1. Among the residues of region A:185-214, what is the count of those that are out of contact with any strand residue (DSSP E or B) (no Cβ under 8 Å at 6 or more places or on another chain) and assigned to a strand (DSSP E or B)?
2. Any idea which of A:Ser358, A:Ser344 is more than 9 Å from chain B (Cβ to nearest Cβ), in contact with a Gly (Cβ under 7 Å, 6 or more places away or on another chain) and open to solvent by 20 Å² or more (accessible area, probe 1.4 Å)?
3. So, A:Arg409, is that one surrounded by fewer than 23 Cβ atoms within 10 Å (Cβ to Cβ), in contact with a Pro (Cβ under 6 Å, 6 or more places away or on another chain), away from chain B (no Cβ under 11 Å) and modelled with pLDDT of 85 or more or not?
4. For the subset of region A:197-228 comprising residues that are out of contact with any Gly (no Cβ under 6 Å at 6 or more places or on another chain) and among the acidic types (Asp, Glu), which member is modelled with the lowest pLDDT?
5. Yes or no: region A:393-402 includes at least one residue that is open to solvent by less than 10 Å² (accessible area, probe 1.4 Å) and modelled with pLDDT of 90 or more.
6. Among the numbered criteria (1) at negative phi; (2) surrounded by fewer than 23 Cβ atoms within 10 Å (Cβ to Cβ), which one does A:Gly209 miss?
7. From (1) part of a loop (DSSP other than H, G, I, E, B); (2) surrounded by fewer than 18 Cβ atoms within 10 Å (Cβ to Cβ), pick out the condition that doesn't hold for A:Pro177.
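The values are calculated or read from the model by the stated rules, or taken from the named source; none is laboratory data. The shown structure was predicted, so the numbers you read here are calculated from the model rather than taken from an experiment. Quick reminder, even Gly has a Cβ in these numbers, built from the backbone with ideal geometry, and neighbours come from all protein chains shown. Note: areas computed on protein heavy atoms with side chains; ligands, DNA, RNA excluded. Shrake-Rupley method; radii C 1.70, N 1.55, O 1.52, S 1.80 Å.
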Amino acid sequence: MTNNTPVLEIQDLTVALPKGADRPFALEGLNLTVNSGEIVCLVGESGSGKSLSAGAVMRLLPEPDVHVAAGSIRFNGQDLLAISETEMKAIRGNRISMIFQEPMTALNPQKTVGWQIDEVLRLHMKGNRAARKAHAIEMLNRVHIPDPVSAYNAYPHQISGGQRQRVMIAMSLCLSPRLIIADEPTTALDVTTQLQILKLIRELQEQEGAGVLFITHDFGVVAEIADKVVVLRQGEMVEHGPAAEVLNSPQHPYTQALIASVPALTPPPAKPVSTMPVVLKGTGLNKTFAARGGLLSGKRKAVTAVKDLSFHLHKGETLGVVGESGSGKTTVSRIVTRLLEADSGAVEVDGTDLLACSPRELRAMRKEIQMVFQDPMASLNPRKRVVDLIAQGPIAHGEKPEKARARARDLLELVELSPSAATRFPHEFSGGQRQRIGIARALAMEPKVIVADEPVSALDVSVQAQVLKLLADLRDRMDLSLLFVTHDLRVAAQLCDRIIVMQKGEIVEQGETASVFADPKHEYTQNLLSSIPGRDWTPPTRNTDAA
Amino acid sequence: MTTLDTDLRPPQPPRLVVFWHRYRRNRAALLGLFLFAIVVLMALTAGLIEPGDPLRRAGPPLTPPFVDMATPLGTDQLGRDILAGIFYGARISLLIGVAATLISIAIGVVIGALSGYFGGWVDDLLMRITEAFQTIPNFVLLLTLVAILGSKIEWITLAIGLVSWTAPARMVRAEFMSLRGREFVDAARNLGVTNTSIIFKEILPNALPPIIVYASVIMALAILLESALAFLGLGDPNYASWGNMIGQGRAVLRTAWYCAAIPGIAIVLTVLSFSLLGEGLNDALNPRQKK
């Protein structure tokens, strides 16, 4: 907030959706101002119209289906809606630039990083090749990429996800734009990388004095970076104001509910479960993904996904497996359910080694250990009705179809879905509802252990809170034992009695959640915990019904 | 307050209705459906409109069309009614088309499903067999099979089925390979569902749309293959078929062109109807492929 000249002023912006969409307008009467040197966060759940507002500013809406119906967008005082496409092209990338969510798809895999930065410079900067290259390398240097010269010559797949996002930022900043639009720039990244990228955006924006319109769904990120906040819900602006005000004393009930849905970082008191029998025990698990590659394609290194991993899960306990991408946590969940064959080790479910079972024994054992998958859309067969999806397991294990279907209807009620849902197909449900169906399917088998692989990471925060609450309820009522795999430490803090922290296939720390969170011993755990966005901000109101 | 996650959306219209709406958008596909309906109607009403044996003598030989009302489309060199031949030929063409398609799709689905689902040596073995079939040109293999089996209509149908299963097999294999890694398949495995159930009840319904579309192509191909066989005089002489009619009309092509041209038009329109039908099905079943 160095000076208060407005860079972007949006007034009464209304964006129309095509006929037959779920609502007539994607955005209705959006007002917002981004001053230079200021970060404005546009927050909302999926379907709130936040990405479309970025599209409207860039004039990149999928017209004519989706078009601006009313309002004005002024950039540095110039009306963006009135100028020609040619003039807009000169502004895009040059004066206004954009950072996308998925750096892998936003970069062209066929061209080197340097070529792609150079492309932007060629279009908008006068100067010879050497000058452009020097400028590009200087930009790479400014986004703190180690060894900028080699990164300049690298292809996008040769650098890591965080570095790719840095390249995207370098590209968007290389012409010193007045306005940067960042559309969920850190959503695809691990927490530790996310924090670095957020710091980087903050730092560069302060140097350049540009205005930033930052689109996100994550209140933790908002707490980390925002000066001002605008909250969207179904295309309507429900609240706006300085970040501290909105975060700590939200006025609108929707904002209050959203903030209350953000899981707090205070773990539950540890349950005394160590006296209960062990229902799931893994010993010495190893899994290496062999190097592929033939005669001509060259050798690649084998990847060790899980290395000498041992753990145990007591009855009625929730064990969290936490780690960043590539830590091997998903491999663990697939090995214990034997969807993936381990190289060595044993997984004992109630004393029987699952990994030593014959195919026939394994099919029988499957009902003891069930799984809830990450992507509720992908894990439900799109051509089956809900009742058949839930009843499928019991029927495969010899239950009479009528009885299994009747029980499936009861289970729908248990996961708080209306019985009329039974005859529908999965595509007719929202993400959270699909995940409830997935949970019902797992419960139908009356398993001893449920393995949940990132069950809420594909869901909006308010839905996430509701599904987590359901899981916690069911666990307490039915005395379930959960192996809960997640990358989100806030979620882990909500649900897990004990956690295992994994790094590169190995356990680096384990213990009761409360004690690990309060006093992390390993450097990696400390790093993870200190990278949680908005860790210094405690959500103010705690609505009991939404949490 | 936020809306509760458990509130259901209003129910969507049944799949068939949605399907028909999408199909209707393609005008050419509607034309295809119309032509197809005419061919089916001809096959069904052949006995009513032209009672009696279509191979019997109906009038003086080589009557041109629109001359004698008893034989509106004229007669061939043996005095057989061409209109009757077209109507009864529709039966044979459809019968061969449907039966041969079923045979080829059935073989293709089983081989493709096994090799796509299991992979490894099963895949290697089955694909080498498929390739062996693919290296021999379809029609040459068909001629060989008919030469061995004989020209009875059952054998011809079977032979056409046997030469055209390779493409559907490869397609089904590709579909299975992409679908077997999907999470819902893992979910079914995790429930303890057997491999057979996973293949036929989980994956196959999801792989069906492209198979149905391709079936229309095979249907058109089967009709063409039968016509080509008959043209070479290898068709079943006991049935009036369009290919037989062209084959015999060839001899009098310069003096009585209509003997070959009329059944030729019938074949063109029928094959066209299947192609348009297939395109319409593709639009309706894979709506995301276009645009």
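1. 0
2. Details: A:Ser358 fails: in contact with a Gly (Cβ under 7 Å, 6 or more places away or on another chain).
The match here is A:Ser344.
3. The answer is yes for A:Arg409.
4. Here is the first cut: in region A:197-228, the ones out of contact with any Gly (no Cβ under 6 Å at 6 or more places or on another chain) are A:197-208, A:210-219, A:221-222, A:225-228.
Those left that are additionally among the acidic types (Asp, Glu): A:203, A:206, A:208, A:218, A:227.
Working: A:Glu203: 86, A:Glu206: 86, A:Glu208: 83, A:Asp218: 86, A:Asp227: 91.
Ranking the qualifying residues of region A:197-228, first place goes to A:Glu208.
5. yes
6. For A:Gly209, the failing item is (1).
7. (2)
The rows are residues; the columns are (1) within 14 Å of chain B (Cβ to nearest Cβ); (2) more than 19 Å from A:Asp536 (Cβ to Cβ).
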site	(1), (2)
A:Arg178	no, yes
A:Gln196	no, no
A:Arg202	no, no
A:Gly211	no, yes
A:Ala223	no, no
A:Leu232	yes, yes
A:Pro263	no, no
